[in-house]
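Novice: Quick one: this structure, given as structure tokens, is what I'll be asking you about.
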């Protein structure tokens, strides 16, 4: 692994620690499990792949990131804070009244948030609209949308997928956080998504699979997505829910829950 990727790995650990700080100190229960599973993906995007300006959040030609699985907001807030969009101390105000960091991302409250999300399924449609608008402006900016695997149960996701290929949105990349859990349990038991690769291909997308916790693999697939011509790209990122904290891994009880002080301290120790 290159030095640059080692730095990304360390940043992902920092972001995971920030997520646990928010999970313990927030003004209400957060969603640590789905935030931890996508930490490596979001780190790769903000600290390697995306072209953004933290001192100019509204820059017209910035790359956009939509966290369609908005309940995992701590991973975005941690990344934005570490990137310098706002003072890091603000992460300790998550879910408090009047805070710029609410339970789900709000583009009108938080610098760097490109789309308000929370109602599952709508992120890809919004991302497609942004991607097409950027193409009309002949901007080189790209749009990235992170989807939860349980979110793929929503029909509007597939309407957007069909439209994206129809309109040749090659500046749009979707990343599926495929951790095999949703709020109600295991996705394989609730509504099996397989054959997931074939489904996206049938909708006209260029498809890559990646180890969602291998920084080299994630960055490589994201860079390959930039080379797509006339076709949107989706990366199926195989992840572990609660990644990095032993008692949270593959444990859906941590979809939405506040840790005790002992659990919090154990998590920080494991993430040192």
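The values are calculated or read from the model by the stated rules, or taken from the named source; none is laboratory data. All figures in this text were calculated on a predicted structure; none of them were measured in a lab. Here the Cβ is made from the backbone with ideal geometry for all residues, glycine too, and neighbour counts use every protein chain on show.
Novice: Any residue in the range 79-86 that is part of a loop (DSSP other than H, G, I, E, B) and on the phi > 0 side of the Ramachandran plot?
Specialist: Keep residues of the range 79-86 that are part of a loop (DSSP other than H, G, I, E, B), which gives 84-86.
Going one step further and asking which of them are on the phi > 0 side of the Ramachandran plot, we end up with 84.
Scanning the range 79-86, I find at least one residue that is part of a loop (DSSP other than H, G, I, E, B) and on the phi > 0 side of the Ramachandran plot, so the answer is yes.
Yes/no matrix, rows are residues, columns are (1) in a loop (DSSP other than H, G, I, E, B); (2) farther than 30 Å from residue 27 by Cβ; (3) touching a helix residue (DSSP H, G or I) at 6+ places or on another chain (Cβ under 7 Å):
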position: 92; (1), (2), (3): no, no, yes
position: 100; (1), (2), (3): yes, no, yes
position: 104; (1), (2), (3): yes, no, yes
position: 132; (1), (2), (3): no, yes, no
position: 160; (1), (2), (3): no, yes, yes
position: 163; (1), (2), (3): no, yes, yes
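Novice: Shifting gears a bit: Within the range 246-270, track down each residue that is out of contact with any strand residue (DSSP E or B) (no Cβ under 8 Å at 6 or more places or on another chain), modelled with pLDDT of 95 or more and under 28 Å from residue 173 (Cβ atoms).
Specialist: Residues satisfying the conditions are 248, 249.
Novice: Right, another one. Kindly indicate the residue of the range 6-20 that is closer than 20 Å to residue 265 by Cα and out of contact with any helix residue (DSSP H, G or I) (no Cβ under 7 Å at 6 or more places or on another chain) and also surrounded by the fewest Cβ atoms within 10 Å (Cβ to Cβ) among those meeting that condition.
Specialist: Step one: filter the range 6-20 for residues closer than 20 Å to residue 265 by Cα, giving 10-20.
So of that shortlist, the ones also out of contact with any helix residue (DSSP H, G or I) (no Cβ under 7 Å at 6 or more places or on another chain) come out as 10, 13.
Working: 10: 12, 13: 17.
Among those that are closer than 20 Å to residue 265 by Cα and out of contact with any helix residue (DSSP H, G or I) (no Cβ under 7 Å at 6 or more places or on another chain), it is 10.
Novice: For residues that are in a loop (DSSP other than H, G, I, E, B) and in contact (Cβ under 8 Å) with a residue 24 or more places away in the chain, scanning just the range 138-154, find the one that is surrounded by the fewest Cβ atoms within 10 Å (Cβ to Cβ).
Specialist: First pass over the range 138-154, keeping only residues in a loop (DSSP other than H, G, I, E, B): 138-142, 149, 154.
Narrowing the set further to residues that are in contact (Cβ under 8 Å) with a residue 24 or more places away in the chain leaves 139-142, 149, 154.
Details: 139: 15, 140: 11, 141: 20, 142: 23, 149: 25, 154: 19.
Residue satisfying both the conditions and the ranking: 140.
Novice: Can you report the number of residues in the range 155-175 which are in contact (Cβ under 8 Å) with a residue 40 or more places away in the chain and within 17 Å of the chain's Cα centre (by Cα)? First the steps, then the outcome.
Specialist: If we filter the range 155-175 for residues that are in contact (Cβ under 8 Å) with a residue 40 or more places away in the chain, which is where we start, we get 158, 161-162, 164-165, 168-175.
Still in the list and also within 17 Å of the chain's Cα centre (by Cα): 172-175.
Residues that pass the stated criteria total 4.
Novice: Is it the case that residue 56 is in a loop (DSSP other than H, G, I, E, B) and over 23 Å from residue 255 (Cβ atoms)? Reasoning before the result, please.
Specialist: Working: in a loop (DSSP other than H, G, I, E, B): yes; over 23 Å from residue 255 (Cβ atoms): yes.
The answer is yes for residue 56.
Novice: Looking at the range 1-28 only, could you name the residues that are closer than 26 Å to residue 187 by Cβ and either within 19 Å of the chain's Cα centre (by Cα) or in a helix (DSSP H, G or I) (or both)?
Specialist: The answer is 12, 15, 16, 19, 20, 22, 23.
Novice: Still on this model: Can you confirm whether the range 217-233 contains a residue that is out of contact with any strand residue (DSSP E or B) (no Cβ under 6 Å at 6 or more places or on another chain), in a helix (DSSP H, G or I), modelled with pLDDT of 95 or more and within 18 Å of residue 147 (Cβ to Cβ)? Full working, then the answer.
Specialist: Step one: list which residues in the range 217-233 are out of contact with any strand residue (DSSP E or B) (no Cβ under 6 Å at 6 or more places or on another chain), which gives 219-220, 222-224, 226-227, 229-230.
Then drop every residue that is not in a helix (DSSP H, G or I), which leaves 219-220, 222-224.
Now restrict to residues that are modelled with pLDDT of 95 or more: 219-220, 222-224.
Now restrict to residues that are within 18 Å of residue 147 (Cβ to Cβ): 222.
Within the range 217-233, one or more residues are out of contact with any strand residue (DSSP E or B) (no Cβ under 6 Å at 6 or more places or on another chain), in a helix (DSSP H, G or I), modelled with pLDDT of 95 or more and within 18 Å of residue 147 (Cβ to Cβ).
Novice: Conditions first: (1) under 20 Å from residue 47 (Cβ atoms); (2) more than 15 Å from the chain's Cα centre (by Cα). Residue 222 passes all but one, so which condition is the exception?
Specialist: (2)
Novice: Name the residue that is surrounded by the fewest Cβ atoms within 10 Å (Cβ to Cβ), counting only residues in the range 166-185 that are farther than 28 Å from residue 244 by Cβ and touching a strand residue (DSSP E or B) at 6+ places or on another chain (Cβ under 9 Å).
Specialist: Keep residues of the range 166-185 that are farther than 28 Å from residue 244 by Cβ, which gives 166-172.
If we keep only those that are touching a strand residue (DSSP E or B) at 6+ places or on another chain (Cβ under 9 Å) too, we end up with 169-172.
On the way: 169: 26, 170: 21, 171: 24, 172: 30.
Going through the qualifying residues, I end up with 170.
Novice: Ok, one more. Please specify each residue of the range 176-197 satisfying the condition of being within 15 Å of the chain's Cα centre (by Cα) and not in a strand (DSSP E or B).
Specialist: Passing the criteria: only 179.
Table: residues versus (1) free of Cβ contacts under 8 Å to residues at least 12 places away in the same chain; (2) surrounded by fewer than 16 Cβ atoms within 10 Å (Cβ to Cβ).
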site: 187; (1), (2): no, no
site: 191; (1), (2): no, yes
site: 194; (1), (2): yes, yes
site: 206; (1), (2): no, no
site: 217; (1), (2): yes, no
site: 239; (1), (2): no, no
site: 272; (1), (2): yes, yes
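Novice: Given the options 60, 81, 39, name the one that is crowded, with 24+ Cβ neighbours inside 10 Å and modelled with pLDDT of 95 or more. I'd like the intermediate steps shown before the answer.
Specialist: Details: 60 fails: crowded, with 24+ Cβ neighbours inside 10 Å; 81 fails: crowded, with 24+ Cβ neighbours inside 10 Å.
Only one candidate qualifies: 39.
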